[in-house]
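The values are calculated or read from the model by the stated rules, or taken from the named source; none is laboratory data. Everything numeric here is computed off the predicted structure, so don't read it as measured data. Because the Cβ atoms are built from the backbone with ideal geometry, glycine has one as well, and the counts that use them run over all protein chains shown.
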Amino acid sequence: MLDNSSISKKSMSGLPNIVIESWSAWAPNLTSKDDWIQWASHPVCPSGTMKLETQAIPPMIKRRCSQLSKMCLEVAAQATKDQKIDYAVFCSQHGELDHSISLLQSICQEELLSPMSFVQSVHNTASGLYTIIHKMQQNCTSIAAGDSTFLMGMLDAIVWLQGHPSDQVLVVMGDNYIPEIFTPLKVPNNHQYAVAFLLRRAEVGDRALNAEFLSNQEISSHSLLLALEFLQWWLGKNDILLQKGCQQSIRWQQA
């Protein structure tokens, strides 16, 4: 909990304290908040396949969506239900690889490219569809930063809140299974999941978090994906979480 003195005190990195106003997540066999709360006690990376039952995507748009877009749009809608959004950050390490591979195969076979597949192959597909569905005219961005994608998405959101104290920011992180053509590369982080967090700046009495970004910090790698590790930490109400990215690490602390 925060008192008046801690509200004005920022983390060592100068970033403001934040609050997770709401959250949502989906992965195979983890479809409800109760599922995720139980998972947080014994967390493992999700596996398997499962049909996503969408409720927030209009049928006309759903027919055009990839699995990745469906996952991101669904968790985003659940996390922002009845809430105002002033800025949104959509993050994905691998993006719409299925559509991209399909387009490349068409080029190799000298076939005409599908305009629909081309439109859906860009990295900001989910963010674009979200703004259409929810008639959102506010700023929205998409981020891909390798192993640090989730951390950079959270940093983007927190920096936005630093300059816009009264705003609420949506952060969505999701990836689908990598196409089989990449199997020989043994690409890590090959999982199907999506999570969404709605963030705002902390006020008196909030259960707040602060973040300190660290350079060249020796932190042990963890088995969980960074977004799921963060969710597990937050649900578990632990004090401190250290997360390691490509070139930067982050120290989360309950304020």
### Task
Return the only residue of 163, 146 being among the small types (Gly, Ala, Ser) and on the phi > 0 side of the Ramachandran plot.
146
### Query
Among the candidates 61, 85, which residue alone is β-branched (Val, Ile, Thr) and modelled with pLDDT of 90 or more?
85
### Query
In segment 7-39, which residue that is in a helix (DSSP H, G or I) and buried (at least 16 other Cβ atoms within 10 Å of the Cβ) is modelled with the lowest pLDDT?
7
#### Entry: Residue satisfying all of: in segment 55-78; of a type in the set (Lys, Arg) and free of Cβ contacts under 8 Å to residues at least 12 places away in the same chain; surrounded by the fewest Cβ atoms within 10 Å (Cβ to Cβ) among these
63
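Of everything in segment 189-215, what is within 18 Å of residue 228 (Cβ to Cβ) and either without any contact (Cβ under 8 Å) to a residue 24 or more places away in the chain or surrounded by 20 or more Cβ atoms within 10 Å (Cβ to Cβ) (or both)? Give them in sequence order.
So in segment 189-215, the residues within 18 Å of residue 228 (Cβ to Cβ) come out as 189-199, 209, 211.
If the condition is that a residue be within 18 Å of residue 228 (Cβ to Cβ) and either without any contact (Cβ under 8 Å) to a residue 24 or more places away in the chain or surrounded by 20 or more Cβ atoms within 10 Å (Cβ to Cβ) (or both), then 190, 192, 193, 194, 195, 196, 197, 198, 199, 209, 211 are the ones that fit.
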### Task
Identify all residues within segment 202-255 that are small (Gly, Ala, Ser) and at pLDDT below 90; write none if there are none.
205, 215, 220, 221, 223, 236, 245, 249, 255
### Message
Of everything in segment 145-181, what is over 20 Å from residue 199 (Cα atoms) and either crowded, with 23+ Cβ neighbours inside 10 Å or touching a residue at least 12 places away in the same chain (Cβ under 8 Å) (or both)? Give them in sequence order.
### Response
145, 146, 147, 175, 176, 177, 178, 179, 181
